[in-house]
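Enquirer: Structure provided below as structure tokens; questions to follow.
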Amino acid sequence: MSLLALAGLSAHYGCGPVLHGISLDVAAAGVSVVLGANGAGKTTLLRAVCGMIAREGTVEFDGARIDRMATPDVARLGIAHVPEGRGTFPNLSTEENLRLGACSRRGPRDRRAIASLFERVYQYFPKLAQRRRQQAGTLSGGEQQMLALGRALMSSPKLMLLDEPSFGLAPLVVEELYRIMRDINADEHVGILLVEQNAAIALDLADQVYLFETGRVVMAGPPKDLRGDEALRRVYLGY
Amino acid sequence: MEGLLHQVFAGLANGAIYASLALALVMIYRVTHFVNFAQGELALCSTYSAWALIEAGASYWVAFVVTVALSFAMGVVIERVVIRPASRAPALSVVIVFIGLMVALNSVAGWIFGYSTLSFPSPFPAEPPFGNHYIGSHELGVIAVTLGMLGLLYVFFRFTTLGLVLRAVADNAESSRLVGIRVERMLGLGWGLAAAIGAVAGIMIAPIVFLDPSMMSGVMLYAFAAALLGGIDSPIGAVVGGFIVGVLENLMGAYVIGTELKLTVALVLIVVVLVVKPSGLFGQPVAARV
Ligand SMILES: Nc1ncnc2c1ncn2[C@@H]1O[C@H](COP(=O)(O)OP(=O)(O)O)[C@@H](O)[C@H]1O
Ligand SMILES: [Mg+2]
């Protein structure tokens, strides 16, 4: 059974639909990647899953319908959305940002549970430990992305929705981030729905790929299908 | 010298009152980013209910606690029934809703309790403390209560999870939802806390200025000046601003412009702060998003 299953999902901002009947799956502890050009509807897809915009169709998470739920309730089920632009709390410290990730997590929230969550996040992202007391707004782009991922981890999610984590970062930083994301996916047994324009690096992580064009899925399959199709490869991977 | 000291102490006592109302303004601003123009009238209604409870035979402290609790509930209800439905409207419409709320609360208070001036008891002794002749017991008590509220708020925002959640909502409402915070409830909580703080302020002011429906009009202008001067998002700023405004008002009134023109001090201060340093003395300048 899939962890997340979308069927016939449409979404609109009030001026006509932006997504048209999307069907898509994320396997338990699997990684599904959505590729598409700027404006294809990738961000909108993640927002629709979380109930941040009006949508129709079905969203099933862990076997239960969640398409009528408000955003905080979706989050409380164990879906951690790392939004476009990272969505940190700029005036709060790194530590406070992380603490907020755990503020309505499922499972224990006592001092010891929180302390061990912090420890795990700082193991993945030692840089965040050094920046503990610093205001999030003053962190570098890479550190902010780490903070956003760390905050997601603090909720012990079953599914993470990641919106272009490579955006605006230097290639070395992107490589480091993806290495950590791979570890997180393996060690924490967490499913990932990853949205990217940077196809090359995202494909390495994917076990299922969806190509988006103007709000529609134009191709779905394992990464090797995309690599094997010369026309698609040229458009999406550029070689 | 003696006269100057008198004026300074009287100013500090007034300042404590402005500070406590400014704290309530800061509370709502921090959570909702609205300046609550109806804050003074909310406090007025609270003070009248305390007065009614005492008239009905309740002891001072019972009336105090019940009023603060009722005011909290009133804040939550007003947020839910009046402010939330209006908050999606353009900013100017929201301001008009606040002004409407202010007028409505004031009329209701006048209609129920009448327009005559009522006296209100003080919980502090009538004689000045330690036989000094600079400051009365009630005035000193008001200063202590204001500093006490500031301390409680500081601890609440800094060290409790709920306080952190409120700060998060103020900082980034959308991300707050993504970590599972029910933002609307937190807005209600912010309103409830502000109304409770305002209730304490009203109860402290009433023995000094006496209770009538226009009790808050002058005081609120100074409180706005105090909140702006200190930084509309800073509790410490509100208190420091309150004391500065109180002392400045008294000194200007006594030595420079005379008591009739004192209220213009607040207006001038508001304009100067908005022009010279809109974030105030302690406020955070709007952070640049990367
Ligand atoms: N807040 C909004 N209001 C109206 N239209 C929007 C809004 N955000 C995005 N859109 C439109 O929705 C489409 C998909 O956008 P988006 O999901 O952000 O694409 P992507 O993330 O793939 O770049 C675009 O055509 C964009 O113009
Ligand atoms: Mg996008």
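The values are calculated or read from the model by the stated rules, or taken from the named source; none is laboratory data. Since the model is a prediction, treat every value here as computed from it, not as a measurement. Methodologically, a virtual Cβ is constructed for each residue, glycine included, from the backbone with ideal geometry; neighbour enumeration extends over all protein chains shown. Each accessible area value is taken on the protein alone, full model and side chains, heavy atoms only, with ligands, DNA and RNA left out. Shrake-Rupley method; radii C 1.70, N 1.55, O 1.52, S 1.80 Å.
Enquirer: Go through the range A:126-225 and name the trypsin sites (Lys or Arg not before Pro) that are in a DSSP coil and have 10 or fewer other Cβ atoms within 10 Å of their Cβ. Numbers along the way, then the final one.
Expert: On the way: sites: A:Lys127, A:Arg131, A:Arg132, A:Arg133, A:Arg151, A:Lys158, A:Arg179, A:Arg182, A:Arg216, A:Lys224; in loops: A:Arg131, A:Arg132, A:Arg133, A:Lys158.
Hits after loop and neighbour filter: A:Arg133.
Enquirer: Are there trypsin sites (Lys or Arg not before Pro) in the range A:52-112 that DSSP marks as loop and that have at most 16 other Cβ atoms within 10 Å, and which are they? Display every interim value, and only then the final one.
Expert: Numbers: sites: A:Arg55, A:Arg65, A:Arg68, A:Arg76, A:Arg86, A:Arg99, A:Arg105, A:Arg106, A:Arg109, A:Arg111, A:Arg112; in loops: A:Arg68, A:Arg86, A:Arg105, A:Arg106, A:Arg109.
When the trypsin sites (Lys or Arg not before Pro) of the range A:52-112 are filtered for loop state and at most 16 Cβ neighbours within 10 Å, A:Arg68, A:Arg106, A:Arg109 remain.
Enquirer: Find how many whole Å separate the alpha carbon centroid of the range A:96-117 from the alpha carbon centroid of the range B:158-203.
Expert: 19
Enquirer: With each run of n ≥ 4 DSSP H residues scored as -39500 (n - 2.57), what mean residue ellipticity at 222 nm is computed for chain B after dividing by its residue count and rounding to the nearest 500 deg cm²/dmol? Before the final figure, lay out the partial values.
Expert: Details: 11 runs with 205 residues, N = 290.
My calculation for chain B gives -24000 deg cm²/dmol from helical runs alone.
Enquirer: Let me ask something else. Which whole-number value in Å² is the accessible area per residue of the protein assembly as shown, probe 1.4 Å?
Expert: Values: 23010 Å² over 529 residues.
Accessible surface, normalised per residue, equals 43 Å².
Enquirer: Okay, next question. Simple spin-label model, 7 Å along Cα-to-Cβ: A:Ala186 to A:Glu230 in nm?
Expert: My value for the distance between the label points is 3.5 nm.
Enquirer: Provide the gained length on full extension for the span B:Val271 to B:Ala91, in nm with one decimal, where the gain is 0.36 nm per separating residue minus the Cα-Cα distance.
Expert: Values: separation 180, 0.36 × 180 = 64.80 nm, distance 2.03 nm.
Separation in residues times 0.36 nm, less the Cα-Cα distance, equals 62.8 nm.
Enquirer: Hey, another quick one. For peptide A:81-94, compute the average count of partner chain beta-carbon atoms within 10 Å of each residue's beta-carbon. Before the final figure, lay out each step's value.
Expert: Details: counts 5, 2, 3, 0, 4, 3, 6, 5, 10, 8, 9, 6, 0, 0.
Counting Cβ atoms of other protein chains within 10 Å of each residue's Cβ and averaging gives 4.
Enquirer: Using alpha-carbon positions, what is the distance between the centroids of the range B:49-94 and the range A:159-217, in Å?
Expert: 49
Enquirer: Tell me the accessible surface of B:His33 in square angstrom (1.4 angstrom probe, heavy atoms of protein chains only), to the nearest ten.
Expert: For B:His33, solvent-accessible area is about 100 Å².
Enquirer: Quickly estimate the mean residue ellipticity at 222 nm for chain A, helices only: each DSSP H run with n ≥ 4 gives -39500 (n - 2.57), and the total goes over all residues, rounded to 500.
Expert: Details: 10 runs with 90 residues, N = 239.
Result for chain A: -10500 deg cm²/dmol, rounded to the nearest 500.
Enquirer: Stokes-Einstein at 37 °C, 0.692 mPa s, Kirkwood radius from Cα pairs: D for the protein assembly as shown in µm² s⁻¹? Walk me through the numbers before you get to the answer.
Expert: Details: Rh = 25.8 Å.
Using the Kirkwood radius from Cα pairs, D works out to 127 µm²/s.
Enquirer: Scan chain B and hand back the longest stretch that contains none of the trypsin sites (Lys or Arg not before Pro) lying in DSSP loops with at most 11 other Cβ atoms within 10 Å.
Expert: Working: sites that count: B:Arg88, B:Arg289.
The reported range is B:89-288.
Enquirer: Within 10 Å of each Cβ of A:100-107, how many other protein chain Cβ atoms are there on average? Before the final figure, lay out each step's value.
Expert: Values: counts 13, 3, 3, 9, 6, 2, 1, 0.
Partner Cβ neighbours, averaged per residue: 5.
Enquirer: Could you give the size of the charge dipole of chain B about its Cα centre, using +1 on the Cβ of each K and R and -1 on the Cβ of each D and E, expressed in debye and rounded to the nearest 20?
Expert: On the way: 12 positive and 13 negative charges, 217 e Å.
Here the size comes out at about 1040 debye.
Enquirer: If you count, for every residue in A:148-159, the Cβ atoms of partner chains within 10 Å of its Cβ, what is the mean?
Expert: On the way: counts 2, 0, 0, 3, 2, 0, 1, 3, 0, 0, 0, 0.
So the per-residue partner count for this stretch is 1.
Enquirer: Hey, another quick one. Which of B:Leu4, B:Ala19, B:Ala91 sits farthest toward the positive end of the charge dipole of the range B:1-144, with +1 on the Cβ of Lys and Arg and -1 on the Cβ of Asp and Glu?
Expert: The listed residue farthest towards the positive side: B:Ala91.
Enquirer: Hey, any idea what Rg/Rh is for the range B:4-75, computing Rh the Kirkwood way over Cα pairs?
Expert: Working: Rg = 14.9 Å, Rh = 13.9 Å.
A ratio of 1.08.
Enquirer: Projected onto the charge dipole of the protein assembly as shown (+1 at Lys/Arg Cβ, -1 at Asp/Glu Cβ, origin at the Cα centre), which of B:Val68, B:Val256, A:Ala54 gives the Cα projection farthest towards the positive end?
Expert: It is A:Ala54.
Enquirer: Where in the range B:110-144 does the label zone of B:Tyr60 land, with the point 7 angstrom along Cα→C-beta and an amide N cut-off under 19 Å?
Expert: B:118-132, B:135-144
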